[in-house]
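First the structure, in the form of C-alpha cells, and then the observations on it.
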Amino acid sequence: MPAALALALLAAGPGPSIELLRQVTAETALAQVRELDGRWQPEQRDCAGLVRFSLRQAYKRIAPRRLEAPLFASRTGPTDFADAETLLSYSFKPLGRDERAASVKSGDVLAFRQERDSGDVFHLMLVVAPADRAHAELHVVYHPGEKDAPVRVGRLSELMRDAPGAWRPVPQNPSFLGFFRFKEWTS
C-alpha cells in the first residue's frame, strides 16, 4: 500500500472517506488501461463492468465491510450485478449535462443512450479528475464493449471536440444523458 494512501486511511476516521473511495475507483479504472486485472471476469468486461469492478475494488480496499451487502440497486432491490441502464436508474444520481455546472469529480460517470432497432444501448465512461484541476484536465476511462477490446482513456475536452456527434458529451447531443454520481457519495 502506498504511504500516501496509508496516511489518508488513518486520517479518514471511522467512516470511509468518499474522496479516498473516488481516488481508488479512478486508480483502479486507469490500471485497466495498462493491464487488465485478472479479478475482473472476462464475461463482465464492458462499460458497466468497468464501473462495477472499479467501485468494488475501491470498497474492498477502503471499506470492505460495505461489500457484505450488494453494492448496487435494481428494480427488484439490492444486487451484485447491474447493467449500464440499471446502474444509472437505481445506483447513480444525475448531476446534469454541463461538466462545469455538475462539479464533476473522479468516480462520477458520463452516460449515453443510443436508440437502435433492437432497443436502446447505454454506454458509461468513468471520470478521472486530476488532483490539480487548474493545471490538468479531466479524463475519461471506458471499455468500448467489444469482446477482448482494451480499456481506453482520453481527455474529456478531446471527447467533447473530436468524438463522432453521437458520442460527444455536450448538452446539444440528445444521446448524451449527462453526468452521474454514485448515490452513496451524495448527501
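Laboratory data are not the source of any read-out in this text; all were calculated from the coordinates shown. In this text the structure is predicted, and so the values were computed from the model without any measurement. Positions of Cβ are backbone-derived with ideal geometry, glycine not excepted, and every protein chain shown enters the neighbour counts.
So what is Rg over Rh here for region 15-94, counting just Cα atoms and using Kirkwood for Rh?
Details: Rg = 12.4 Å, Rh = 13.1 Å.
Checking Rg against Rh, the ratio lands at 0.95.
Go ahead and set up a Gaussian network model of the chain, Cα springs under 10 Å, then flag whichever of R161, R116, R22 fluctuates most.
Maximum among the listed residues: R116.
Tally Lys and Arg at +1 and Asp and Glu at -1 over the other residues with C-beta under 13 Å from the C-beta of W167: what net charge comes out?
Working: positive: R113, R152, R161, R168; negative: E158, D162.
The answer is +2.
Within the chain, count lysine pairs with alpha carbon atoms under 19 angstrom apart where the residues are 8 or more positions apart or belong to different chains.
On the way: K60/K183; K93/K105; K93/K183; K105/K183.
So the count works out to 4.
With θ set to phi - 60° and the Karplus curve 6.51 cos²θ - 1.76 cosθ + 1.60, what are the ³J(HN,Hα) couplings of region 92-104 in order, to the nearest whole Hz, using x for Gly and Pro?
My calculation for region 92-104 gives 10, 10, x, 10, x, 9, 10, 4, 6, 5, 7, 6, 5 Hz in order.
Using the Cβ atoms and a cut-off under 12 Å, what net charge is assigned to the surroundings of E68, where Lys and Arg are +1 and Asp and Glu are -1?
Working: positive: K60, R65, R66; negative: D80.
Local charge sum for E68: +2.
Tell me what the chain gives for mean residue ellipticity at 222 nm when only DSSP H runs of n ≥ 4 count, each as -39,500 (n - 2.57), the sum divided by the residue total, rounded to 500 deg cm²/dmol.
Details: 4 runs with 49 residues, N = 187.
Mean residue ellipticity at 222 nm (helix-derived): -8000 deg cm²/dmol.
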